[in-house]
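Shown next, in structure tokens, is the structure this report addresses.
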Amino acid sequence: MRITMIGTGYVGLVSGACFADFGHRVTCVDTDAAKIAALHRGEMPIFEPGLDQLVEASVKAGRLDFQTDLAGPVGEADAVFIAVGTPSRRGDGHADLSYVYAAAREIAGALKGFTVVVTKSTVPVGTGDEVERIIRETNPNADVAVASNPEFLREGAAIRDFKLPDRIVIGTEDGRARQVLAELYRPLYINAQPVFYTGRRTAELIKYAANAFLATKITFINEIADLCEKVGADVQEVARGIGLDNRIGTKFLHAGPGFGGSCFPKDTTALVTMGQDNEAPLRIVEAVVAVNDQRKRAMARKVVSALGGQARGKAIAMLGLTFKPNTDDVREAPSLVLINTLLEMGAELRVFDPAGMENAQAVLQGVTYCDSAYSCAEAADALVIITEWEQFRALDLGRLRRAMRHPVLVDLRNIYRADEVDRHGFSYVGVGRPAVERVLDEI
Ligand SMILES: NC(=O)c1ccc[n+]([C@@H]2O[C@H](COP(=O)([O-])OP(=O)(O)OC[C@H]3O[C@@H](n4cnc5c(N)ncnc54)[C@H](O)[C@@H]3O)[C@@H](O)[C@H]2O)c1
């Protein structure tokens, strides 16, 4: 089948490449000419493990190409996916749907023959209705069905998630659209992945409800971690103790610096706004948003307290800038608030991330960018781990200890064992676990 993917970002490029890998003929379109030019040169605009090989293979096989103009590919497509960004609208927390609606208008004018227009972007309930209205208004003769097919992939594991999803949600009442989408996802039936057909509005809400639930789980364990610190319990063991209950499950129960990224913050906020607008307030999600916002600054206070209460003039090494490992995405990363708060408090920041430095440089000034974890730690008064990249899990603690001015390790992902860092002479602070305290002179 022929697919046109509008928007070639984290979702559009991965989905397009995976559909092409299934054997479909895919054109990925983006208004960002530099992105398309990079793809023509074989360069990936994002860091996602395995993506370059997947793209290269499908381009070579003639099943995947990239364009800035959507008219031609849309005219030939059986399905056009909208995978453009839906960021938070400044001021009110609504999802900004201007990119989605602009894409819908452009698509409308280029449709030929029966086409399914599928919203893959995360959009508030009713957006599909508006996309359909726009298309019918712009092109009254279009033979079109508008469906919702929210995406659940995770950056860093996006290809696997797309190819082995827990479920595929397809929201449409239109029989022809269901057939087209069933055909597009047919290669996945071999893996017996459940396709869940539902109404368009329900599909739109499923995506927000899923993200809000996961964000709630994270926030819940973060608050339990705070309580653990006060009462002398260990949150890792509490999480395991509750997670072994199948009704709860072990996933998304890792205490840390608060959730970030391109989805959870904006999606929880948009869901709160949706609830308020529809007079069905979502008090739990409202609390999750508020607690998570406060947590990022609270992490800065945690670092300062590990430094003995003063940040001014202290050199702090920060490992990890991306909101999670295996991505270069720094959107809404907790690191940004943490670093900016520490800068405001007068600290000097040295930072390193294996893949996120370029994106960070666009939004984060006033820090020293380093080229490795060890050069970052040079003469530091404290080392803070904020993203649990694999390469930070087994650092040479002896070498770090020698490089640093003061051996203080703040592990916001709980990836080290207290006894291990203690052996190397570190003062150690995790999240929701007993700290290892040392008297640090002249810090
Ligand atoms: N990133 C994730 O992990 C993830 C996971 C699930 C769902 N989502 C949702 O998917 C959507 C896309 O997210 P993303 O992270 O891929 O965004 P992104 O910002 O990485 O990519 C969006 C792309 O769309 C392009 N674009 C905007 N308007 C366009 C137009 N009219 N025509 C063609 N291209 C256009 C932009 O240039 C950009 O390259 C969002 O709604 C997001 O909430 C994201």
task = Mind giving me the FRET efficiency for D396 and T202? R0 is 45 Å, r the Cβ-Cβ distance, nearest 0.05 is fine.
result = 0.30
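Can you give the helix-only mean residue ellipticity at 222 nm for the chain, where every DSSP H stretch with n ≥ 4 adds -39500 (n - 2.57) and the sum goes over all residues, rounded to the nearest 500 deg cm²/dmol? Could you put the intermediate results ahead of the total?
Numbers: 18 runs with 197 residues, N = 443.
That calculation yields -13500 deg cm²/dmol at 222 nm.
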task = With unit charges on the beta carbon (Lys/Arg positive, Asp/Glu negative), name the residue among F19, V146, Y374 whose Cα is farthest towards the positive pole of the charge dipole of the chain.
result = Y374
remark   = Here the net charge surrounding E223, from other residues whose Cβ is less than 13 Å away from its Cβ (Lys, Arg +1; Asp, Glu -1), is +1
note = Across L244, L319, L164, the residue with the highest GNM fluctuation in the chain (Cα network, 10 Å cutoff) is L244
message = Starting from the 7 Å offset along Cα-to-Cβ, what nm value, one decimal, do you get for the label separation of R423 and E173?
response = 6.5 nm
request  = Note the angle between two axes, namely the Cα long axis of helix 175-184 and the longest principal axis of the Cα atoms of the chain, as a number of degrees from 0 to 90, rounded to the nearest 10.
outcome  = 50 degrees
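Return the ratio Rg/(2.2 N^0.38 Å) for the range 144-278, where Rg is computed over Cα atoms only.
Working: Rg = 18.0 Å, N = 135, 2.2 N^0.38 = 14.2 Å.
Compactness ratio reported: 1.27.
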message = What are the extents of the Cα atoms of the range 4-125 along their three principal axes, in Å, largest first?
response = 44, 36, 24
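Determine the share of the chain's accessible area contributed by carbon and sulfur atoms, expressed in whole percent, with a 1.4 angstrom probe. List each step's numbers first, then the result.
On the way: 9690 of 19310 Å².
Looking at the chain in its full context, I get 50 percent from C and S.
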query = Within a Cβ distance under 11 Å of M357, other residues only, what is the Lys/Arg minus Asp/Glu net charge?
reply = -4
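Rounded if a/c is under 1.5, else prolate if a/b beats b/c, else oblate: with a ≥ b ≥ c from the C-alpha gyration tensor eigenvalues square-rooted, which is the range 294-419? It would help to have the intermediate numbers written out before the result.
On the way: a/c = 1.35, a/b = 1.07, b/c = 1.25.
It comes out rounded by the Cα gyration axes.
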message = I'd like the distance between the alpha-carbon centres of the range 247-296 and the range 173-212, rounded to an integer number of Å.
response = 24 Å
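What net charge is computed for the residues neighbouring T198, neighbours being all others with C-beta under 14 Å from the C-beta of T198, Lys and Arg scored +1, Asp and Glu -1? Numbers along the way, then the final one.
Numbers: positive: R167, R178, R200, R201, K207; negative: E173, D174, E204.
Taking every other residue near T198 into account, the sum is +2.
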inquiry  = Springs between alpha-carbon pairs under 10 angstrom, Gaussian network model over the chain: which of G109, G356, G308 fluctuates most?
reply    = G308
Cα centroid separation, the range 1-25 to the range 78-148 (Å) = 17 Å
message = Run the simple label-point estimate for D226 and R105 please: 7 Å along Cα→C-beta, distance reported in nm.
response = 4.4 nm
Three semi-axes of the equivalent ellipsoid, the range 188-236, Cα gyration tensor, whole Å, largest first = 36, 15, 5
task = Send over a whole-number figure in Å² for the accessible area per residue of the range 1-134, probe 1.4 Å.
result = 38 Å²
remark   = Over the chain, the quotient of the Cα radius of gyration and 2.2 N^0.38 Å is 1.06
remark   = Cysteines of the chain without any disulfide-compatible partner (other Cys Cβ under 4.7 Å) are C18, C28, C228, C263
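The values are calculated or read from the model by the stated rules, or taken from the named source; none is laboratory data. Fair warning: this is a prediction, and the values are worked out from it, not measured in the lab. Positions of Cβ are backbone-derived with ideal geometry, glycine not excepted, and every protein chain shown enters the neighbour counts. Areas reflect the complete protein model, heavy atoms only, side chains present, ligands, DNA and RNA absent. Shrake-Rupley method; radii C 1.70, N 1.55, O 1.52, S 1.80 Å.
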